[in-house]
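Enquirer: Can you keep this structure in mind? I'll have questions shortly.
Rule-based calculations on the coordinates, nothing more; no lab input. Just so it is clear, the structure is predicted and the values come from calculations on it, not from any experiment. A quick note on method: Cβ atoms are made from the backbone with ideal geometry, for glycine too, and the neighbour counts reach across all protein chains shown.
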Ligand code: PLP
């Protein structure tokens with residue numbers, strides 16, 4: 001493909017992208033293909049000879065789109081929202097244009113410097129303490145996912161605690177023994193990526209029980225820590241969550257801070273989804289706890305119109321992250337790094353290479369402004385409220401067991417003496433909703449109760465889509481009840 005053909009095909013591709021967004025509502029939200037569908041329609045080997053672009057383009061329509069679950073659909077209410085925007089897509093196009101592998105400052109100064117600047121901007125919008133800013137000892141960095149943020153902060157915490165023992169005279173052998181006594185904590189609602197981080201690092205961990213609101217409380221943390229210390233373990237890391245995956249519950253962060261006072265436990269806040277809401281005045285009350293943590297993370301790619309991947313991590317003392325992850329091979333040595341005047345983000349993450357993701361944040365922030373992003377967040381929450389209010393009109397059919405937080409509504413279907421219990425009914429309604437193709441929702445289980453999760457957030461979703469989803473839910477629930485009572 002030469003430059004003139006790229007120009008032609010590029011314009012055509014943009015036209016196709018625009019058509020996709022205009023037509024989104026026409027697609028079934030959830031793909032209906034069967035496992036292995038693509039293997040049946042694609043050749044067994046890569047082509048030996050070049051193929052005309054027309055053939056490649058038409059395969060997008062005929063072979064790929066049928067296997068797409070449409071995350072950008074206005075009727076996508078599953079998981080948590082993860083929405084694109086046109087400024088973000090354009091930002092990624094520029095990133096693809098430069099295609100820099102910005103592992104250190106020298107490899108592309110703009111890539112590193114813009115990332116620091118936009119994360120400082122975002123930190124201020126959220127209301128993070130100045131200690132999280134790159135002007136001091138801290139700073140922000142883009143990770144691919146919240147899972148990576150948890151893993152790297154766990155490593156930073158381990159480095160910090162081992163450095164403390166090193167300073168007291170522990171040699172390498174002793175440090176290895178000490179590391180087997182380390183223990184990390186989350187709650188029974190913490191995202192599974194925390195468990196994965198402890199599996200990767202072979203770290204002992206405990207999931208602490210939560211209260212009736214599914215929040216982790218300071219008292220539980222205090223008791224467990226005391227017990228573990230008495231048993232010779234070394235507590236060193238805890239995750240507090242703002243907006244858990246199951247129910248958007250909020251851990252009691254200020255109480256957890258009190259519980260770990262006087263220890264060397266690293267407090268990481270996982271606000272993967274709910275963090276986006278912190279740019280709104282309604283949620284600033286949460287900052288008191290967050291600002292006492294060692295690290296804070298949220299996914300701009302979930303709630304702030306920035307395309308995947310874009311997980312923002314801030315840390316108060318970057319020396320621990322860098323200490324845990326830095327290597328200094330001869331082939332990467334350069335005078336800028338040695339001057340100490342620059343940041344080299346390769347030392348803040350697991351991989352070496354990294355994309356120029358700051359461009360899309362920069363474009364999004366400048367195109368929408370903080371005001372536009374706040375409006376987007378609150379619109380999603382208002383639509384969730386509309387859904388909640390509608391299903392509350394039917395107390396004979398539905399139960400909302402937890403007060404909705406951050407635009408996530410959890411509900412289940414009541415049994416009302418039918419031959420099926422509430423879990424079975426909820427499962428049946430859930431399956432039929434998704435089989436309809438008209439909406440896509442996900443489910444979970446909380447303390448033995450099947451739950452359907454409803455999380456709107458697409459910029460294309462309007463009140464009409466919420467009303468249609470409510471009508472569909474009502475119709476399907478009545479059909480299910482009718483079928484089993486026959
Ligand atoms: N933490 C929470 C609270 C989440 O809800 C999720 C995913 O939804 C994650 C972590 C993991 O996110 P990621 O896919 O960015 O690793």
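Enquirer: Using alpha-carbon pairs under 8 Å, 6+ residues apart, how would you state the relative contact order of region 342-486 in percent?
Expert: RCO, region 342-486: 22 percent.
Enquirer: Could you tell me the distance between the Cα centroids of region 183-244 and region 85-152, to the nearest Å?
Expert: 29
Enquirer: Along the Cα-to-C-beta direction of residue 31, a point sits 7 Å from the Cα; which residues of region 422-455 have their amide N less than 18 Å from that point?
Expert: Residues 434-442 qualify, since their backbone N sits under 18 Å from the label point.
Enquirer: Take every Cα pair under 8 Å in region 241-339 that's 6+ residues apart, average their separations, divide by the length, and report that relative contact order as a whole percent.
Expert: That works out to 22 percent.
Enquirer: Each label point is 7 Å from the Cα along the Cα-to-Cβ direction; what then is the distance between the points at residue 366 and residue 64, in nm?
Expert: For residue 366 paired with residue 64, the spin-label model returns 2.8 nm.
Enquirer: Tell me the label-point distance for the pair residue 209, residue 164, using the 7 Å Cα-to-Cβ offset, in nm and rounded to one decimal.
Expert: Distance between label points: 2.8 nm.
Enquirer: How high is the relative contact order of the chain, given as a whole-number percent (alpha carbon pairs under 8 Å, six or more residues apart)?
Expert: Computed value for the chain: 21 percent relative contact order.
Enquirer: Gap in Å between the Cα centre of region 13-43 and the Cα centre of region 404-469?
Expert: Centre-to-centre distance over Cα atoms comes out at 24 Å.
Enquirer: Suppose the chain between residue 176 and residue 264 were pulled fully straight at 0.36 nm per residue; how much longer would it get relative to their current alpha carbon spacing?
Expert: Length difference between fully extended and current span is 29.9 nm.
Enquirer: Be a star and scan region 3-46 for residues whose amide nitrogen sits under 11 Å from the point 7 Å along the Cα-to-Cβ vector of residue 55.
Expert: 43
Enquirer: By its C-alpha gyration tensor, with a ≥ b ≥ c as the square roots of the eigenvalues, how is region 256-375 shaped: rounded for a/c under 1.5, else prolate for a/b larger than b/c, else oblate?
Expert: oblate
Enquirer: Give me 309, 15 ranked fewest to most by other Cβ atoms within 10 Å of their Cβ, as a rough exposure proxy.
Expert: 15, 309
Enquirer: Follow-up question, since we're still on this one. Rg and Dmax of region 101-354, using alpha carbons, in Å: what are they?
Expert: 17.9, 56
Enquirer: Right, another one. Decide, for the chain, between rounded, prolate and oblate: order the square roots of the alpha carbon gyration tensor eigenvalues as a ≥ b ≥ c, take rounded if a/c falls under 1.5, and otherwise choose prolate if a/b is larger than b/c, else oblate.
Expert: oblate
Enquirer: Something else: Working out 0.36 nm times the residue gap between residue 99 and residue 117, then minus their Cα-Cα distance, what length gain in nm do you get to one decimal?
Expert: Extra length from residue 99 to residue 117 when fully extended: 4.5 nm.
Enquirer: At 0.36 nm per residue, and after removing the present C-alpha to C-alpha distance, how many nm does the segment from residue 444 to residue 331 gain when stretched out fully?
Expert: 35.8 nm
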